[in-house]
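All remarks here apply to the structure that follows.
The values are calculated or read from the model by the stated rules, or taken from the named source; none is laboratory data. Model, not experiment: these values are computed from the prediction. Note: ideal-geometry Cβ built from the backbone for every residue, glycine included; neighbour counts use all protein chains shown. What goes into the accessible areas is simple: the full protein's heavy atoms, side chains included, and nothing from ligands, DNA or RNA. Shrake-Rupley method; radii C 1.70, N 1.55, O 1.52, S 1.80 Å.
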Amino acid sequence: MRYISWFSAGCSSFVAAYLMRDKLDHCVYIDIADQHPDSMRFVRDAEKLLGLKIEIIRSEVYKDVDDVNARDRFMSAPWGAPCTKHLKREVRERWEKEHDISRDDVYIWGFDASKKERKRAMNTTSRMTYVDHEFPLIDADLTKPDVHAMCEDLGIKRPAMYDLGYPNNNCIGCVKGGAGYWNKIRVDFPEVFELRAKREREIGGSCLNGVFLDELDPKAGRLDEVFPSCSIMCQLAEMDMEMDMEMGDE
């Protein structure tokens, strides 16, 4: 039996790994070029507290999110985005194959004790049946504010994206963000906003519903709007969509 933590460079995944640190055999981080540079600082700081080297893996095919968008000619849809498939899911699956992952292995996830996260944990367990799962934050009844407080108590500075006001440490310019998110990116990372806007026009499709980024009202959206983390749930949603498409072709 091996205990494997899928580290996302976020506070929740770190605390989940920290609670299980005495059992961990692997802690794996899927690196994407679009992450804030401070994410790697957080990874290195986490290593010191975990007492375990974090394995950094990345796509061997795609350079970054823009590369995926350009080659797939697609930005995103309600069920997810191709960047999650190519830059995260396929990278994880390659690692699983290389390490002969089986039902004897245990994945450690950072889902917290909120109702929504508990549901996601149940969905993960029911979908990823080829491996066992543990959810230390749920077991300890820890919420998102709790894990941020624990990071502070442990003396590890949380990733910069949180301090900038983003709810998750996703890629900068995540194509799954809403209008409020994109208007904040417009201010904080104008070069990323421009890059995504130009790519939208080139491929003729937007990452927002019904509006291109270069037409987005600067006052549209809310900073507190629901915004998903780029997690295993995005990967599972894309797997569902692919299965539906395959069944439709029969």
Open item on the list: Kirkwood hydrodynamic radius, segment 27-71, all distinct C-alpha pairs: what's the number in Å?
Closed with: 11.7
Open item on the list: Rounded to the nearest angstrom and ordered from largest down, what semi-axes does the equivalent ellipsoid of the chain get from its C-alpha gyration tensor (root of 5λ)?
Closed with: 29, 22, 17
- [ ] Roll a 1.4 angstrom probe over the protein heavy atoms and tell me the percent of accessible area of the chain that is carbon or sulfur.
- [x] 52
- [ ] Could you let me know the centre-to-centre spacing of segment 125-151 and segment 162-180, using Cα atoms, in angstrom?
- [x] 22
Task: Enclosed volume per residue, in Å³, of the convex hull spanned by Cα atoms of segment 135-184 - done: 105
TODO: Work through the residues other than Ala197 whose Cβ is under 12 Å from its Cβ and net out their charges, Lys, Arg +1 and Asp, Glu -1.
DONE: -2
Task: Where only alpha carbons of segment 162-203 are counted, the Rg and the Dmax (Å) - done: 10.2, 33
- [ ] Enter the accessible area per residue of the chain (Å², integer; probe 1.4 Å; all protein chains in place).
- [x] 49
- [ ] Might you report the magnitude of the Cβ-based charge dipole of the chain about its Cα centre, with Lys and Arg at +1 and Asp and Glu at -1, to the nearest 20 debye?
- [x] 460
Task: Rg and Dmax [Cα atoms of segment 77-202; Å; Rg one decimal, Dmax integer] - done: 17.5, 48
TODO: Identify the residues of segment 18-50 with backbone N under 16 Å of a label point that sits 7 angstrom from the Cα of Ala149 along the Cα-to-Cβ direction, or state none.
DONE: none
Open item on the list: So if each residue of separation counts as 0.36 nm, and I subtract the Cα-Cα distance between Asp22 and Val187, what length gain in nm does that give?
Closed with: 55.2 nm
- [ ] Lys and Arg at +1, Asp and Glu at -1: add these up for the other residues within a Cβ distance under 9 Å of Phe42 and post the number.
- [x] +2
Task: For Tyr29, distant residues with modelled amide H under 5 Å away - done: Phe7, Glu55, Ile56, Ile57
- [ ] Average the reciprocal distances over every distinct pair of alpha-carbons in segment 52-133, invert the result, and give the Kirkwood radius in Å.
- [x] 14.8
Open item on the list: Nothing charged except the Cβ atoms of Lys and Arg (+1) and of Asp and Glu (-1): what's the magnitude of the dipole of segment 166-216 about its Cα centre? Round to the nearest 20 debye.
Closed with: 140
TODO: For the chain, find the longest principal axis of its Cα atoms and tell me its angle to the long axis of helix 38-50, 0 to 90°, nearest 10.
DONE: 10
Task: Centre separation in Å (Cα based) which lies between segment 1-20 and segment 32-95 - done: 16
Open item on the list: Skipping prolines and chain starts, which residues have an amide H placed within reach, meaning under 5 Å, of the one on Cys174, given they are 5 or more residues away or on another chain?
Closed with: none
Task: FRET efficiency for Ala33 and Met122, using Cβ-Cβ distance with R0 set to 41 Å, rounded to 0.05 - done: 0.80
